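A.B. asks: Below is the structure I would like to discuss, written out as structure tokens.
FYI, it's all coordinate maths here, none of it is from the lab. Given the structure is predicted, the values throughout are model-derived calculations rather than measurements. Here the Cβ positions follow ideal geometry from the backbone for every residue, glycine too, while neighbour counts run over all protein chains shown.
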Amino acid sequence: DVLKFIEKHKSDSSTSLPSCSLPFSTNQTEDKILPLKGLQKVMFKTMQASLSIPHFGYCDEVDVTDLTQLRKDLKELCKERGVKLSFMPFFLKAASMALLKYPILNSTLDAQQTNVIFKKSHNIGVAMDTKDGLLVPNIKEVQLKSIFEICEELNRLHELGMKGKIGPTDMLGTTFTISNIGSIGGTYAHPVISPPQVAIGALGKIQTVPRYDSDGNLVKVNIFNVSWSADHRIIDGATMARFSNLWKSHLENPFSMILDLK
Ligand code: CAO
């Protein structure tokens, strides 16, 4: 479907703005009917297919106070090397490191739904709000990439997305997805799994809030909320929670990631 869409899309300029983003004026006198096409049609079909998956939801709060400082320190270095460092490369690398320990979250069900295929590559999809609407290109082999390489790849995809030029190679073979809806706003989400993947995480907005530290002192921290959805037919809640705990601990103690960075 994605391939067909991309082919059609090249010659179909009417898909350049998704109809869910079209503004209406207050003096609109009639209902407006727009056919579902292009990306929206693909989204309709994929999301329809995801209805057959029993979603298990799991949410938590992640303290990124130290990561905020680390990113600030590294941002200039990345700028000197020509790339913009956001939080995403850390979120993606931490996910890949946790997937190595809990590979069932990076698996797919075969077409007959009788075998679980543990994927060797961590091709992590990044939900992107692009010129054409929602697209989910992936960063390939995240398990083999440095944070800088992930950052470069994310910059490349983001630039293509802004120009409406993401191609099929960047869209195919996704094994796990992260949706950073927090860059737009919001706290919690209920992300929808895109089959044949079995898990997805949605990240909320990073906010500065008061919390108690381990000594009972009120401190100012930067937190965001994560909402995971997993396919409960093959992933149990405890596995999801353990994966999330590991991912969270990498982000809350970003220096600990260095030990296992490839
Ligand atoms: N909370 C607060 N700030 C955030 C944030 C969050 N969760 N995520 C990113 N930011 C910040 C970034 O750090 C950056 O700050 P600076 O300008 O100070 O560097 C700024 O917001 C802009 O970030 P960005 O959007 O350019 O880059 P990114 O790598 O963080 O995110 C992308 C890239 C593609 C994920 C994002 O642009 C996007 O499209 N998000 C929407 C995803 C979406 O639509 N999900 C829903 C899918 S289901 O329909």
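A.B. asks: Run down Gly133, Gly164 and say which single residue is in contact with a Ser or Thr (Cβ under 9 Å, 6 or more places away or on another chain) and either among the acidic types (Asp, Glu) or more than 10 Å from the ligand (Cβ to nearest atom) (or both).
C.D. replies: Details: Gly133 fails: either among the acidic types (Asp, Glu) or more than 10 Å from the ligand (Cβ to nearest atom) (or both).
The match here is Gly164.
A.B. asks: Tell me the residue from Gly216, Gly164, Gly173 that is without any contact (Cβ under 8 Å) to a residue 12 or more places away in the chain and of a type in the set (Gly, Ala, Ser), please.
C.D. replies: On the way: Gly164 fails: without any contact (Cβ under 8 Å) to a residue 12 or more places away in the chain; Gly173 fails: without any contact (Cβ under 8 Å) to a residue 12 or more places away in the chain.
After ruling out the rest, the residue left standing is Gly216.
A.B. asks: Does at least one position in the range 174-191 carry a residue that is away from the ligand (no atom under 16 Å from the Cβ) and surrounded by fewer than 22 Cβ atoms within 10 Å (Cβ to Cβ)?
C.D. replies: So the first thing to find is which residues in the range 174-191 are away from the ligand (no atom under 16 Å from the Cβ), and the list is 175.
Filter once more, so that each one left must be surrounded by fewer than 22 Cβ atoms within 10 Å (Cβ to Cβ): none.
For the range 174-191, residues away from the ligand (no atom under 16 Å from the Cβ) and surrounded by fewer than 22 Cβ atoms within 10 Å (Cβ to Cβ): absent.
A.B. asks: Testing Trp228 on (1) over 21 Å from Gly125 (Cα atoms); (2) crowded, with 18+ Cβ neighbours inside 10 Å, one condition comes back false. Which one is that?
C.D. replies: (1)
A.B. asks: Also, quick follow-up: When you check Ala95 against the structure, is it aliphatic (A, V, I, L, M), under 19 Å from Gly173 (Cα atoms), buried (at least 21 other Cβ atoms within 10 Å of the Cβ) and within 14 Å of the ligand (Cβ to nearest atom), yes or no?
C.D. replies: Details: aliphatic (A, V, I, L, M): yes; under 19 Å from Gly173 (Cα atoms): yes; buried (at least 21 other Cβ atoms within 10 Å of the Cβ): yes; within 14 Å of the ligand (Cβ to nearest atom): yes.
In short, yes.
A.B. asks: Condition first: buried (at least 17 other Cβ atoms within 10 Å of the Cβ) and within 9 Å of the ligand (Cβ to nearest atom). Now tell me which residues in the range 65-92 satisfy that.
C.D. replies: Those that are buried (at least 17 other Cβ atoms within 10 Å of the Cβ) and within 9 Å of the ligand (Cβ to nearest atom): Arg71, Leu85, Ser86, Phe87, Met88, Pro89, Phe91.
For every residue, the table says whether it meets (1) part of a helix (DSSP H, G or I); (2) small (Gly, Ala, Ser); (3) over 17 Å from Ala199 (Cβ atoms).
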| site | (1), (2), (3) |
| --- | --- |
| Ser25 | no, yes, yes |
| Leu70 | yes, no, yes |
| Ala98 | yes, yes, no |
| Leu105 | yes, no, no |
| Thr114 | no, no, yes |
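A.B. asks: So, in the range 21-37, how many residues would count as being among the basic types (Lys, Arg) and more than 22 Å from Thr130 (Cβ to Cβ)?
C.D. replies: Here is the first cut: in the range 21-37, the ones among the basic types (Lys, Arg) are 32, 37.
Narrowing the set further to residues that are more than 22 Å from Thr130 (Cβ to Cβ) leaves 32.
Summing the residues that are among the basic types (Lys, Arg) and more than 22 Å from Thr130 (Cβ to Cβ) in the range 21-37 gives 1.
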